[in-house]
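> One structure follows; several queries about it will come next.
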Amino acid sequence: MLSNHFENGMDMARLAWSRLPHSEDGELDGVGLLSTSSNRNGVESLDYEVIENYAYREEQAQRGKFFVGYNVAVKWFFALLIGIGTGLAAVFINISVENFAGWKFSLTFNIIQKSYLAGFLMYILINLALVFSSVYIITHFAPAAAGSGIPEIKGYLNGIDIPGILLFRTLIGKIFGSIGSVGGGLALGKEGPLVHTGACIASLLGQGGSTKYHLSSRWLQGFKSDRDRRDLVTCGCAAGVAAAFRAPVGGVLFALEEVTSWWRSQLMWRVFFTSAVVAVVVRVAMGWCKSGNCGHFGAGGFIIWDISDGQEDYSFEELLPMAVIGIIGGLLGALFNQLTIYVTRWRRNYLHKKGNRVKIYEACLISVLTSVISFGLPLLRNCSPCPDSDPGSEIECPRAPGADGNYVNFYCGKDKEYNDLATIFFNTQDDAIRNLFSAKTIHEFSAKSLLTFLVMFYTLAVVTFGTAVPAGQFVPGIMIGSTYGRLVGIFTVNHYKKLNIDEGTYALLGAASFLGGSMRMTVSLCVIMVEITNNLKLLPLIMLVLLISKAVGDVFNEGLYDEQARLRGIPLLESRPKYVMRKMTAREACGNQKVLSLPQVVKVADAVSILRSNKHNGFPVVDHTRDGEPLVIGLMLRSHLLVLLQSKIDFQHSPLPSHSRSGSGAIRHNFSEFAKPVSSKGISIDDIYLSSEDLEMYIDLAPFLNPSPYVVPEDMSLTKVYNLFRQLGLRHIFVVPRASRVIGVITRKDLLIEEESEDSATMELQSTSVRGQRHKTRLLEENGADAERPLLNGLLVQNQRYLKGSFVIVFRDNGRNYS
């Protein structure tokens with residue numbers, strides 16, 4: 001996209017943190033990294049715009065009110081299936097991870113009763129086996145399943161067709177790869193991959209399954225357009241967050257704030273319904289597991305860190321250390337983003353170019369390093385005596401390794417001692433976070449242990465991010481933030497000497513601040529933190545630290561997912577255009593490019609020559625008036641033209657039009673034939689065989705072109721063009737000369753059309769002001785039949801509400817209608 005060539009005016013701090021160029025030339029490395037150069041040639045846009053050609057209008061005319069109701073019912077049914085599928089996938093991943101982790105810690109604990117060295121070796125081997133299984137699946141079966149997948153899904157919902165991210169094998173790789181990488185104890189989480197998992201499930205349901213693996217059903221093939229698939233994928237993203245955090249409202253807000261670029265009220269209802277279904281499925285699964293049917297799966301299975309019994313109130317003096325937590329979160333979050341860029345760029349340019357074997361070696365080496373640190377560092381820490389037990393407290397001291405809870409007894413000489421570093425290191429991440437968040441456990445962790453864990457885990461998270469395994473950053477971010485948050489809480493307790501200050505509350509605020517400083521989410525993250533902690537009283541404090549951390553982080557760089565999307569060469573269109581676009585026009589943006597156009601009746605040989613000579617995805621179709629002046633009659637998509645060439649049923653011997661410019665006539669195609677499969681690039685010109693006789697034939701494009709593409713005048717500012725392009729989800733915009741005549745003005749009242757009778761199934765918006773039949777007749781008499789043509793205007797009128805314009809002017813220029 002053109003916007004990627006411009007840079008914002010950045011202050012000195014941003015420059016100091018972003019010295020490296022945003023992209024370098026390279027190839028697709030199997031882990032989702034694309035260079036800008038390869039991106040321009042290999043990544044295509046999606047056709048979110050409705051192509052209102054004659055085939056589409058004919059199909060819509062045959063559908064009545066029953067089909068409209070049926071279509072709405074099917075969308076809700078698909079939302080139900082997405083919720084159930086994502087919920088079951090999350091249950092399977094969580095049960096598997098908890099069982100692998102439980103068996104690992106139980107076996108290791110039993111061995112260390114006899115020999116710590118043997119237990120150490122067994123611990124390393126189990127983690128290594130799990131990580132090896134994960135990286136092997138990714139490198140040999142599903143390369144697109146590496147990473148969190150959120151930048152790729154964000155790009156898809158922004159209108160970018162990234163190959164391979166929604167395939168069936170990507171879904172399988174994401175599920176089983178997450179089990180291996182998270183169960184293997186790496187410094188990453190399963191929450192980001194669950195978002196990608198939900199998106200894959202939604203996309204596969206929308207296309208009826210996977211034809212390659214013979215897992216498809218024609219009964220589910222109800223949505224073939226990119227526009228409908230976009231809505232389904234949005235539901236899947238929200239379902240993934242709802243399943244990962246048991247936060248249905250947070251899932252809806254996450255989809256709205258972070259991943260999707262277009263939103264509407266109807267979609268909001270379906271997304272909310274999908275998240276609610278996920279919550280019910282997860283709740284039922286947890287109830288079923290309480291009877292002991294899920295092995296080691298227990299309270300730590302699904303993320304919910306209940307701190308409702310924590311700090312009841314806070315004083316004005318505490319706002320200062322809480323603000324400090326926000327500042328620390330912004331600084332460490334921005335540093336984390338920048339370090340991951342450096343490491344990922346180095347890994348791409350020097351390491352992953354050597355093949356899959358090196359990727360496997362790298363992941364295994366990081367697994368061994370993580371195991372050595374998590375097992376070895378607690379051995380160097382002296383144990384502490386257990387505190388006096390509270391008769392009403394359910395917290396026991398000590399607890400054996402492998403059992404979730406506080407005060408883990410690890411390499412201690414006495415029975416009533418615990419190792420505070422092992423409590424957070426030699427444990428699953430979910431249980432470690434629960435220990436850090438725990439209330440009424442003052443002085444459980446020493447400042448030295450927390451600082452040691454913070455430095456080591458922060459380093460491991462940076463190094464691990466970008467390896468060839470499914471990796472989420474939610475839980476590692478919470479781990480990092482809760483550690484320094486609890487550290488600040490210790491200093492606050494010692495300084496103010498107040499008994500009502502709880503260190504677990506500060507750990508929660510630290511977790512929120514780091515996620516805000518790294519991912520730059522506010523509303524959705526705030527709701528997620530409230531839902532997973534079950535403490536609404538802390539909402540104002542969470543909002544405070546999120547606002548501070550985001551403001552501090554924005555000084556240095558962008559959010560984690562935006563930075564990773566840029567690093568992968570994903571050309572996202574941000575919500576706001578660059579400042580320099582205000583000084584540019586649409587004509588300047590076009591440059592000196594040569595426009596390739598097609599006639600209404602094109603020779604097959606000429607069409608093949610044009611398709612082979614370039615990779616453009618849309619071509620203006622130009623005819624001529626009786627006076628010989630050129631007349632733009634619409635836009636022909638490359639994919640549609642390839643369908644016509646492959647079918648050959650529309651070939652004709654005569655070079656004369658067989659249809660009128662409006663496309664009326666017999667259509668031998670179903671509109672669904674032009675839909676591109678989501679799991680492939682569609683038809684290529686090299687896949688079509690044409691004989692010498694076929695090349696001498698002609699095709700009339702009138703019934704198949706889009707007669708009403710979007711157009712802008714050549715002197716329109718590029719800022720306006722950018723907003724139009726992004727807000728409407730376009731793929732092409734025509735730039736035309738300034739029109740000379742005004743044939744009508746559309747205002748708000750012209751768009752408030754009510755159906756005159758119940759028999760009218762649809763209501764088409766006209767290009768001229770709807771002020772009665774007399775006004776329409778007068779325009780037809782003055783301007784001829786061309787005033788009735790819907791060329792280049794209808795869609796702008798339909799989307800006036802999204803553009804927030806007060807009126808739309810419809811122009812006419814020498815037989816060419818522009819709006």
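> If I ask for residues that are among the hydrophobic types (A, V, I, L, M, F, W, C) and open to solvent by less than 10 Å² (accessible area, probe 1.4 Å), which ones from the range 189-203 would you list?
Within the range 189-203, L194, V195, A199, C200, A202 meet the criteria.
> Residue check, I699 against (1) assigned to a helix (DSSP H, G or I); (2) under 30 Å from K648 (Cα atoms); (3) touching a residue at least 40 places away in the same chain (Cβ under 8 Å), all met but one. Which one?
(1)
> Anything in the range 563-606 that is part of a helix (DSSP H, G or I) and open to solvent by less than 60 Å² (accessible area, probe 1.4 Å)? List them, or say none.
Of everything in the range 563-606, those that are part of a helix (DSSP H, G or I) and open to solvent by less than 60 Å² (accessible area, probe 1.4 Å) turn out to be E563, Q564, A565, L567, V580, M581, A586, A589, C590, V604, A605.
> Mind checking which pairs have a first residue in the range 109-135 that is outside any loop (DSSP other than H, G, I, E, B) and a second that is charged (D, E, K, R) and open to solvent by less than 40 Å² (accessible area, probe 1.4 Å), Cβ under 6 Å, 6 or more apart or different chains?
So the pair list comes out as I126/K104.
> Among (1) among the acidic types (D, E); (2) part of a helix (DSSP H, G or I); (3) within 30 Å of A565 (Cβ to Cβ), where does E58 come up short?
The failed condition is (3).
> Just one of the numbered conditions (1) out of contact with any Gly (no Cβ under 9 Å at 6 or more places or on another chain); (2) at pLDDT 90 or above is not true of H214; which one?
For H214, the exception is condition (2).
> Is it fair to say I542 is touching a residue at least 12 places away in the same chain (Cβ under 8 Å), buried (at least 21 other Cβ atoms within 10 Å of the Cβ) and touching a Cys at 6+ places or on another chain (Cβ under 6 Å)?
Answer is yes for this residue.
For (1) modelled with pLDDT under 70; (2) crowded, with 17+ Cβ neighbours inside 10 Å; (3) of a type in the set (A, V, I, L, M, F, W, C); (4) in a loop (DSSP other than H, G, I, E, B), each residue gets a yes or a no:
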site: S654; (1), (2), (3), (4): no, no, no, yes
site: S658; (1), (2), (3), (4): no, no, no, yes
site: S662; (1), (2), (3), (4): yes, yes, no, yes
site: G665; (1), (2), (3), (4): yes, no, no, yes
site: S679; (1), (2), (3), (4): yes, yes, no, yes
site: I683; (1), (2), (3), (4): no, yes, yes, yes
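> Looking at the range 164-188 only, could you name the residues that are open to solvent by 10 Å² or more (accessible area, probe 1.4 Å) and either assigned by the TED database to the domain that holds F474 or in contact with a Gly (Cβ under 7 Å, 6 or more places away or on another chain) (or both)?
Once the filter is applied, which keeps residues that are open to solvent by 10 Å² or more (accessible area, probe 1.4 Å) and either assigned by the TED database to the domain that holds F474 or in contact with a Gly (Cβ under 7 Å, 6 or more places away or on another chain) (or both), the range 164-188 yields only V182.
> Ok, one more. Tell me, yes or no, whether the range 503-514 has at least one residue that is of a type in the set (D, E) and open to solvent by 10 Å² or more (accessible area, probe 1.4 Å).
No, there is no match, as no residue in the range 503-514 is of a type in the set (D, E) and open to solvent by 10 Å² or more (accessible area, probe 1.4 Å).
> Let me ask something else about it. Would the range 579-599 turn up any residue that is closer than 30 Å to G516 by Cα and not hydroxyl-bearing (S, T, Y)?
Checked against the condition, which is being closer than 30 Å to G516 by Cα and not hydroxyl-bearing (S, T, Y), the range 579-599 yields at least one hit.
> Shifting gears a bit: Considering only residues that are outside any loop (DSSP other than H, G, I, E, B), touching a residue at least 40 places away in the same chain (Cβ under 8 Å) and over 26 Å from K224 (Cβ atoms), which ones fall in the range 609-629? Outline the logic, then answer.
Let us first name the residues in the range 609-629 that are outside any loop (DSSP other than H, G, I, E, B), namely 609-613, 618-624.
Subsequent filtering for residues that are touching a residue at least 40 places away in the same chain (Cβ under 8 Å) retains 611-612, 618, 620-621.
Selection gives R612 alone.
> It is to be established whether one or more residues within the range 474-496 are more than 21 Å from the chain's Cα centre (by Cα), assigned to a helix (DSSP H, G or I), more than 26 Å from R345 (Cα to Cα) and of a type in the set (K, R).
Yes - at least one qualifying residue is present in the range 474-496.
> Same structure again: All but one of (1) open to solvent by 10 Å² or more (accessible area, probe 1.4 Å); (2) in contact with an Asp or Glu (Cβ under 9 Å, 6 or more places away or on another chain) hold for C412; which doesn't?
Only one criterion is unmet by C412, namely (2).
> Still on this structure: Here's a check for you: in the range 307-353, which residue that is modelled with pLDDT under 85 and of a type in the set (A, V, I, L, M, F, W, C) is most open to solvent (accessible area, probe 1.4 Å)?
My answer is F316.
> On to the next question. Step by step: first the residues of the range 253-266, then only those that are in contact (Cβ under 8 Å) with a residue 40 or more places away in the chain and over 12 Å from the mean Cα position of the chain (by Cα), then the one that is farthest from D47 (Cα to Cα). Which residue is that?
Among residues in the range 253-266 that are in contact (Cβ under 8 Å) with a residue 40 or more places away in the chain and over 12 Å from the mean Cα position of the chain (by Cα), the one farthest from D47 (Cα to Cα) is L253.
> Kindly list the number of the only condition in (1) within 35 Å of the chain's Cα centre (by Cα); (2) part of a helix (DSSP H, G or I); (3) modelled with pLDDT of 90 or more; (4) hydrophobic (A, V, I, L, M, F, W, C) that fails for V643.
(3)
> Consider only pairs whose beta carbons are under 6 Å apart and that are at least six residues apart or on different chains; among these, list those whose first residue lies in the range 741-753 and is among the charged types (D, E, K, R) and whose second residue is surrounded by 12 or more Cβ atoms within 10 Å (Cβ to Cβ).
Correct list of pairs: R741/R812; D750/S769; D750/V770.
The values are calculated or read from the model by the stated rules, or taken from the named source; none is laboratory data. Since the model is a prediction, treat every value here as computed from it, not as a measurement. Quick reminder, even Gly has a Cβ in these numbers, built from the backbone with ideal geometry, and neighbours come from all protein chains shown. The protein model used for the area step is the full one, side chains on, heavy atoms only, and it has no ligands, DNA or RNA in it. Shrake-Rupley method; radii C 1.70, N 1.55, O 1.52, S 1.80 Å.
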